[in-house]
Amino acid sequence: MRIGRLIFGDPIPKANAEEHALSKKHALAIFSSDALSSVAYATGEILTVLILAGTAALSMSLHIAMFIALLIVIVGVSYKQAIDAYPEGGGAYIVARENLGTFMGLLAAGALMLDYILTVAVSVSAGILAITSAFPEISGHAVLLAIIAIILIMWMNLRGLRESASAFMWPTYAFVVVILVMIGIGGYRYLTGNLSPVDYSHANDLMAPITGVLTLTLILRAFSSGCSAMTGIEAVANGVKSFKKPRAKNAAITLMVLVILLISMFLGISFLAAKLELQPLTDQSLLSQIGHKIYGYGFFYYLLQTVTCLILLLAANTSFAGFPLLASMISRDGFLPRQLQNVGDRLAFSNGIFALAVFACVLIIIFDANTSALIPLYSIGVFLAFTLCQAGLVHFWHKQRREVRSWWIKA
């Protein structure tokens, strides 16, 4: 008993649950780390696909990024409406189940759960890549390091949601500041004519072109890979119950701040990658290349890599907040084992947290902690959940057409 309390902390009375609800400041850290951290690899995944058609195809990356940014706005507005329509929690599962039927609800839930598991695997793998980019000598231990990271994140979440949010808040904000400063410096150097393209004439670790032909299929595949930047947007709508009162209002504000930061960072990194004429490397992340070019090889470069690694590990924490909550709702509806409803002494869904950690570790081992190998698995889960949620909202506002005059605008 004493060992358990030492590891996980003293039990929290359920009567004090409201005191452990999240403020907007804490919620932005815990629910946005997944979406914000995706800028560390989303642009790189676009280039990884385009390079198959040769270096000339890389010029398409900024155009693709702009379309993805537009889609982020659409999805952000959609989930803002989900919060308005379901102020007690309106994720894709609830919206699809209430408006499209049980089967569609379960389909959305399955897509979301797959997305959460992949988020842990992808984010942790990308976080370890940030470290091995700076310290190549430990790259052979990537799988072990990823599993250790997942276990540590699981432990933090078993200690309770608010405590994990407090621990994870500062790395999230540090990452945002470092990235925005880097974009600002890069933008200034571009405007003053001091931003020269990267010279790859002596590079031995470039990804080699394969097809040499830029097809529509390849462009759409690059778009799909880049849409990994959209993962995690739904986490705020799914976690409305975790906010302080008024929950819906606080969740909506947090979501809008998240969308603005996400678009700014994603387009900024994509712009720098295009102007620097970056090419994907086999042993270094795109963000690491931009960091070298903007910050050099000193303290600020290593600070960038450190906060990137931290927020990518914390991005997995978004899933540890969302997956157990979603699993408990599905369990309450009778479609998953009832043990997933159990709340531990620290007011956390312990069984759901354990299950997520195990599934993610299995994926890490199978795919050898390779981010690019895991990314394609995202596509089905991400787009399916978004589409079912939006289709459900269209039906919701159509049902409300007699009470809400502007229903057709919302729909």
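Where a number appears in this text, it was derived from the coordinates with a stated rule and is not lab data. Worth saying up front: this structure is predicted, and the values here are computed from it rather than measured. Cβ sites come from the backbone with ideal geometry, for glycine too, and all protein chains shown count toward neighbours.
The table below lists the values:
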item	result
Within the chain: Cβ-based charge dipole about Cα centre, in debye rounded to nearest 20 (Lys, Arg +1; Asp, Glu -1)	1420 debye
Peptides ranked, highest mean first, by Cβ atoms within 10 Å: ranges 373-379, 29-35, 384-390, 326-332	29-35, 384-390, 326-332, 373-379
The chain, helix-only ellipticity at 222 nm - DSSP H runs n ≥ 4, -39,500 (n - 2.57), divided by all residues, nearest 500	-22500 deg cm²/dmol
Efficiency of FRET from Cβ geometry, residue 405 and residue 70, R₀ 25 Å, rounded to 0.05	0.35
Violating pairs (Cα-Cα greater than 27 angstrom) within the set 24/80; 80/275; 80/399; 24/275; 275/410; 245/410	80/275; 24/275; 275/410
Residue with peak Gaussian network fluctuation, the chain [Cα springs, cutoff 10 Å], from 143, 95, 177	177
At least 20 Å along the helix axis (C-alpha) and Kyte average at least -1.0, DSSP helices within the chain	61-85, 102-134, 142-158, 161-191, 247-275, 299-332, 350-366, 378-399
Order by protection proxy (mean Cβ within 10 Å, highest first), peptides 402-409, 226-233, 193-200, 262-269	226-233, 262-269, 193-200, 402-409
Linear extension gain, residue 56 paired with residue 241, 0.36 nm per residue minus alpha-carbon span	61.8 nm
Where labels lie 7 Å past Cα in the beta-carbon direction, separation of residue 282 and residue 387 in nm	3.6 nm
Spin-label model distance (nm) - residue 362 vs residue 84, 7 Å beyond Cα toward Cβ	4.1 nm
Length gained when the stretch residue 257-residue 139 is fully extended (0.36 nm per residue, less Cα-Cα span)	38.9 nm
Which of 223, 260, 87, positive extreme of dipole for the chain (C-beta unit charges)	87
Sites residue 207 and residue 264 - FRET efficiency at Förster radius 22 Å, r taken between beta-carbons, to 0.05	0.20
Placed amide H near residue 22: partners under 5 Å, 5+ positions off or other chain	243, 244
Within region 374-390: backbone nitrogen closer than 19 Å to the residue 217 label point (7 Å, Cα to C-beta)	376-377, 379-380
